[in-house]
Amino acid sequence: MTTPSAAGRGRLSPATPVRLAALGSLFVLAACGGGSDDSAPPAPAPAPAATTTTVSGVAASGAAFTGATVTVTDSRGTVVGTTAAPVGDTGTYSITLAAGAVPPFVLTATRTMANGATDSLVSVLPAAGTATVNLTPLTTLVASRLSASGNPLSLAAEVQAKTATVDATTVAAKTAEVRQIVAPVLAATNTTNVDLLNGTFAVDGTGHDRLLDTLTVNIIPASGTTANIEVGLKVQGAAGAQPPVIRFTNADNLAAIAAANAAVLGTQIDPATVVASGTNVRVQEFLARLTACHALPLAERVGGTATVAADVAAPACRSLFLGDNPANYLSDGNPVGRFYALPSLFLPTGNGLVFGQGSYEYTLANGDIAIGYTSRTPGGAEAVDTLVVRLVGSAFKLVGNGHVYPGHVYPFMQHRRFDVTGTPTYNYRSTGYVTQVINRVNPQTGVPIFDRVEVVTPGGATLVMRPAAATQTLVLMRGDQRTNTSYVRLRSAFDDTATAGTPAAIESPNIFFLSQDLSDADVAAIPARSVWTYRYYLASNPTVLAATQYYRTRARALTIPELRTKPLAAFGPQTLAGFQTAAADGVVDLAGQAGVSLGWTVPDGGLPPVQAILFGTVPSGNGTAPFTDYVDVASTARQTTIPCAAATVADTHCTNETPRKFAAGTVATGAYLLARERSGREFATYYATYKVPVN
């Protein structure tokens, strides 16, 4: 049945009574002047019955987009409908639009984590009328192709401003483009005939839903008019192989996209290498079992000394693991234990944890599956992480990634500011990755077990990391010299384009820059789910390769233009003034203080900090030793105090009194506010307390 447009009702309904009233007046006047007529005037015609427009469908990214609110914005920029409750486990939603809503419509599903990070899906409805409209990564890509800026979250405003056109013709054309862009995946998942925007499907890991599980869509605005776009294909490959991606910008037409990605678009995907049907359902079932385990009281979950795998007692918890035995689990060198992997099993803070928003991430070379998830405490705190599971029969079992040694890699972006020392012209932004390896020590000797770890980047470059005194992680080497960081700066740029030179030229050699910065195009070319190779050499036998392990990112580092679009938290005026006064001579003396108080502001659209971190040095021997103190903060917080906290018994930067205070000679070298995206990206606003140029 065709429903009259809301626009049509808006024009006709008010006009009709006015016209009838006018005609009634004419009839009365005619009767008065044309003789007597005892008959009554005809009754007015009944007003047309009110009609309603209902929009419904599925919001899903493979898994249901649980916790999201769906809103509908019409062509005037007016929100004309919102879901009454967040999207649930089925992913379905239904909205009745307000009377008078004017097409076209832009639909947005947005969910916000406890740390303030948000993620969204976007879709469109070009004409009024009850309809099925899905919101998925692929409909979001259609919205990006319709957007003048390439940013799907700007489409509603662009429609209102008439800088973007959403009608039946443009939607059909852009949907056809998206179908051609993802054609290899459509073929591999046998979904070439699915209706991406308006089809009916369920989040059961089959058909359309399986298609969504098999790809990722990353759209990153680089300015108000440009966006970088990557479609990643989640296909199983050899260990260490980079995943295939399709990369383009919003300015590229279909011919340009096809030419630039001919190798990927021209290669048939083996259906055996994509995610198995029904995987999504098994992921949700596994997370439900994990939640059921944590619903048990601590005394039922574990017994005995309650510190190691053998102490996991409850059948509901033991059955989560391969062979129903937690001892079969190993991840990054960590077995199950209170101080190792999966500590929530052993801690009161694990009581009542709820696991959800599960997602298929990728398949390892051995067939094991990495799944993403969120965990939420009864108090509302959330965390995002991944687990590696193995399909046994029809259920997933925890196995871990099997790595013997620790390792991790994630994208990290920093805004380094010198406002404290009065040289803001040297403020700069850096983008890159943290290549983290915990500095493991021999428990008997206290000596680090690693001689070095060689990290091979997705581009094939080799970085070397070694242990350093008083550091919790291995540090990057610059030739034969140790830095004090594991942060690889791929590209850096001054905020003030008039500032001469480069950030590397003004900084300390303790900070790691590439000998030659990558270009923004080089940074954008790194796949979102890039694979990094870690080669481990032990101190006991440094000439023999002990192990090779592979790590994947969930997002790529931003280019500098992309980073400039991200509003970040900043010190409040009082905090900044306090640091400026304390650092008048280039040193912030902390001696005698019990803590350092910070206050900050978060701009509109900015990620709120989740940690406040203080860096400094303390006298040690003939030199100094670094220290780091930090405190976790709620996303709603705008101030905190970082206390002095000794990391080990050998840490001398704090006194032994109660409360602890910073020891004599302890100075701050900087402080930063850390924010995290759901994708794993981290952002820091770093206020340096030292003067530059250093060299």
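Confirm whether Ala7 is modelled with pLDDT under 85, under 21 Å from Val171 (Cα atoms), not acidic (Asp, Glu) and not in a loop (DSSP other than H, G, I, E, B). Judged against the criteria, Ala7 is a match.
Within this structure, Leu387 fails the test of being over 15 Å from Ser359 (Cβ atoms), of a type outside the set (Ser, Thr, Tyr) and in contact with a strand residue (DSSP E or B) (Cβ under 7 Å, 6 or more places away or on another chain). Would you call Ile229 in a helix (DSSP H, G or I) and within 19 Å of Gly150 (Cα to Cα)? Against the criterion (in a helix (DSSP H, G or I) and within 19 Å of Gly150 (Cα to Cα)), Ile229 does not qualify. The residues in the range 436-467 that are assigned to a loop (DSSP other than H, G, I, E, B) and among the hydroxyl-bearing types (Ser, Thr, Tyr) can be counted, and the count is 2.
As a summary of the residue check, Val404 satisfies the conditions (1) aliphatic (A, V, I, L, M); (2) over 16 Å from Tyr550 (Cα atoms); (3) part of a loop (DSSP other than H, G, I, E, B) except for the one numbered (2).
Listed here are the residues, each with its yes/no results for (1) among the aliphatic types (A, V, I, L, M); (2) within 21 Å of Pro335 (Cα to Cα).
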position	(1), (2)
Leu364	yes, yes
Tyr373	no, yes
Pro378	no, no
Asp385	no, yes
Arg390	no, yes
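For the range 480-498, check the following and say yes or no: at least one residue is under 30 Å from Val587 (Cα atoms), in a strand (DSSP E or B) and of a type in the set (Val, Ile, Thr). The answer is yes, given that some residue of the range 480-498 is under 30 Å from Val587 (Cα atoms), in a strand (DSSP E or B) and of a type in the set (Val, Ile, Thr). Selection of helices (runs of 4 or more DSSP H) fully inside the range 258-357 by the criterion of at least 3 residues being under 20 Å from Ala370 (Cα atoms) and of a type in the set (D, E, K, R) returns 279-295. Criterion applied to Gly333, Gly352, Gly337, Gly323 was being assigned by TED's automatic domain parsing to the domain that holds Val384, within 25 Å of the chain's Cα centre (by Cα) and of a type outside the set (A, V, I, L, M), and the one residue passing it is Gly352. Filtered by the rule that a residue be on the phi < 0 side of the Ramachandran plot and more than 34 Å from the chain's Cα centre (by Cα), the range 658-690 gives Thr658, Pro659, Arg660, Lys661, Phe662, Ala663, Ala664, Thr666, Val667.
Would you confirm whether any residue within the range 444-453 is of a type in the set (Lys, Arg), in contact with an Asp or Glu (Cβ under 7 Å, 6 or more places away or on another chain) and at pLDDT 95 or above? Looking for residues that are of a type in the set (Lys, Arg), in contact with an Asp or Glu (Cβ under 7 Å, 6 or more places away or on another chain) and at pLDDT 95 or above, one finds none in the range 444-453, hence no. All of (1) closer than 30 Å to Asn442 by Cα; (2) in a loop (DSSP other than H, G, I, E, B); (3) not acidic (Asp, Glu) hold for Ala591 with one exception: (1). From the list Pro443, Pro458, Pro448, the one residue that fits, being closer than 29 Å to Tyr536 by Cβ, free of Cβ contacts under 8 Å to residues at least 12 places away in the same chain and outside the structural domain of Leu576 (by TED's automatic domain parsing), is Pro443. Tell me, yes or no, whether the range 617-626 has at least one residue that is surrounded by 19 or more Cβ atoms within 10 Å (Cβ to Cβ) and under 24 Å from Ala557 (Cα atoms). The answer is no, given that none of the residues of the range 617-626 is surrounded by 19 or more Cβ atoms within 10 Å (Cβ to Cβ) and under 24 Å from Ala557 (Cα atoms). Among the residues making up the range 655-666, a single one is more than 28 Å from Ser635 (Cα to Cα) and crowded, with 21+ Cβ neighbours inside 10 Å: Thr666.
Meeting the requirement of 3 or more residues that are within 18 Å of Thr575 (Cα to Cα) and not acidic (Asp, Glu), the strands (runs of 3 or more DSSP E) wholly within the range 613-695 are 639-643, 667-676, 682-688.
Conditions tested, residue by residue: (1) farther than 30 Å from Pro527 by Cβ; (2) of a type in the set (Phe, Trp, Tyr); (3) at pLDDT 95 or above.
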{"position": "Val264", "(1), (2), (3)": "no, no, yes"}
{"position": "Leu296", "(1), (2), (3)": "yes, no, yes"}
{"position": "Val312", "(1), (2), (3)": "yes, no, yes"}
{"position": "Ala327", "(1), (2), (3)": "yes, no, yes"}
{"position": "Ser331", "(1), (2), (3)": "no, no, yes"}
{"position": "Leu342", "(1), (2), (3)": "no, no, yes"}
{"position": "Phe346", "(1), (2), (3)": "yes, yes, yes"}
{"position": "Gln357", "(1), (2), (3)": "no, no, no"}
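Condition check ((1) crowded, with 21+ Cβ neighbours inside 10 Å; (2) in contact (Cβ under 8 Å) with a residue 40 or more places away in the chain) across all residues:
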residue: Tyr536; (1), (2): yes, yes
residue: Ala546; (1), (2): no, yes
residue: Thr553; (1), (2): yes, yes
residue: Arg556; (1), (2): yes, yes
residue: Lys566; (1), (2): no, yes
residue: Ala569; (1), (2): yes, yes
residue: Gln574; (1), (2): no, no
residue: Asp604; (1), (2): no, no
residue: Ala612; (1), (2): yes, yes
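Of the helices (runs of 4 or more DSSP H) lying entirely inside the range 115-196, those containing at least 3 residues that are touching a Gly at 6+ places or on another chain (Cβ under 7 Å) span 155-161. Close contacts from the range 336-359, counting a first residue that is free of Cβ contacts under 8 Å to residues at least 60 places away in the same chain and a second that is in a loop (DSSP other than H, G, I, E, B) and small (Gly, Ala, Ser), with Cβ to Cβ under 7 Å and a gap of 6+ residues or different chains, come to Arg338/Ala306; Ala341/Gly400; Phe346/Ala306. For the range 481-496, the set of residues classified as modelled with pLDDT of 95 or more and either over 18 Å from Gly616 (Cβ atoms) or not aromatic (Phe, Trp, Tyr) (or both) consists of Ser486, Val488, Arg489, Leu490, Arg491, Ser492, Ala493, Phe494, Asp495, Asp496, listed by residue number. Restrict the check to the range 34-54 and report whether at least one residue is modelled with pLDDT of 90 or more, under 42 Å from the mean Cα position of the chain (by Cα), surrounded by 13 or more Cβ atoms within 10 Å (Cβ to Cβ) and not hydrophobic (A, V, I, L, M, F, W, C). Taking every residue of the range 34-54 in turn, at least one turns out to be modelled with pLDDT of 90 or more, under 42 Å from the mean Cα position of the chain (by Cα), surrounded by 13 or more Cβ atoms within 10 Å (Cβ to Cβ) and not hydrophobic (A, V, I, L, M, F, W, C). Of the residues Thr71, Thr92, the single one that is surrounded by fewer than 24 Cβ atoms within 10 Å (Cβ to Cβ), within 26 Å of Glu677 (Cβ to Cβ) and among the hydroxyl-bearing types (Ser, Thr, Tyr) is Thr71. A single member of Pro643, Pro608, Pro693 is out of contact with any strand residue (DSSP E or B) (no Cβ under 9 Å at 6 or more places or on another chain) and modelled with pLDDT of 90 or more, and it is Pro693. Among residues that are in contact (Cβ under 8 Å) with a residue 60 or more places away in the chain and assigned to a loop (DSSP other than H, G, I, E, B), Ala470 is included.
The values are calculated or read from the model by the stated rules, or taken from the named source; none is laboratory data. Source: prediction; values computed, not measured. In this analysis, Cβ positions are derived from the backbone assuming ideal geometry, glycine residues included, and neighbour counts consider all displayed protein chains.
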